[in-house]
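Engineer: Pasting in a structure now, in structure tokens, and then I'll have a few things to ask.
Derivation of every value follows stated rules applied to the coordinates shown; laboratory data play no part. This is a predicted model, so every value here is computed, not measured. Methodologically, a virtual Cβ is constructed for each residue, glycine included, from the backbone with ideal geometry; neighbour enumeration extends over all protein chains shown.
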């Protein structure tokens with residue numbers, strides 16, 4: 001299942017409409033409606049709203065801030081980087097992490113038992 005497919009199915013069932021009837025109203029096939037509802041096909045937002053419209057419903061879209069501990073300044077900095085620069089920065093952090101892991105393993109191995 002998919003979020004949009006679930007919404008289409010729920011709206012269709014609320015109105016007591018079959019997949020075939022919805023397909024006729026929307027100018028598509030029952031198989032296409034089935035693919036959307038099952039999640040086998042993800043409709044564009046435009047197609048999604050069209051399917052709801054023929055059922056007499058409308059889509060509501062909302063946004064909300066992410067619940068994360070990332071500094072907005074860091075996100076802004078990352079957005080200004082090119083993909084190549086982001087990859088280079090990521091690679092350098094990976095190298096630092098690898099060196100720390102190796103140093104930790106060496107220190108652990110040198111500890112008296």
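Engineer: Helix 3-14: angle to the longest alpha-carbon principal axis of the chain, degrees 0 to 90, nearest 10?
Structural biologist: 30
Engineer: How far is helix 45-54 tilted off the main Cα axis of the chain, in degrees rounded to 10, range 0 to 90?
Structural biologist: In the chain, helix 45-54 runs at an angle near 30 degrees to the longest axis.
Engineer: Between the helical axis of 83-110 and the dominant principal axis of the chain, each derived from Cα atoms, what acute angle in degrees is found, rounded to the nearest 10?
Structural biologist: So the inclination is approximately 50 degrees.
Engineer: If packing is taken as the average number of other Cβ atoms within 10 Å across a peptide's residues, how do 52-58, 86-92 rank, most packed first?
Structural biologist: 52-58, 86-92
Engineer: Further question on the same structure: At 0.36 nm per residue, minus the direct Cα-Cα distance, what do residue 103 and residue 10 gain on full extension? Give it in nm, one decimal, please.
Structural biologist: The residue 103-residue 10 span can extend by a further 27.9 nm.
Engineer: Taking 1 over the mean of 1/r across every pair of different Cα atoms in the stretch 5-45, what Kirkwood radius in Å do you get?
Structural biologist: Hydrodynamic radius (Kirkwood, Cα pairs) of the stretch 5-45 is 10.0 Å.
Engineer: Give me 37, 69 ranked fewest to most by other Cβ atoms within 10 Å of their Cβ, as a rough exposure proxy.
Structural biologist: The order, fewest Cβ neighbours first, is 69, 37.
Engineer: Compute the distance in nm between two label points, each set 7 Å from the Cα along the Cα-to-Cβ direction, one at residue 81 and one at residue 46.
Structural biologist: 3.5
Engineer: How much length is gained if the chain between residue 66 and residue 29 is pulled fully straight, taking 0.36 nm per residue apart and subtracting their Cα-Cα distance, in nm to one decimal?
Structural biologist: 9.5 nm
Engineer: Taking only the alpha-carbon atoms of the chain, what semi-axes of the equivalent ellipsoid follow from 5 times the gyration tensor eigenvalues under a square root, in whole Å, largest first?
Structural biologist: 51, 19, 14
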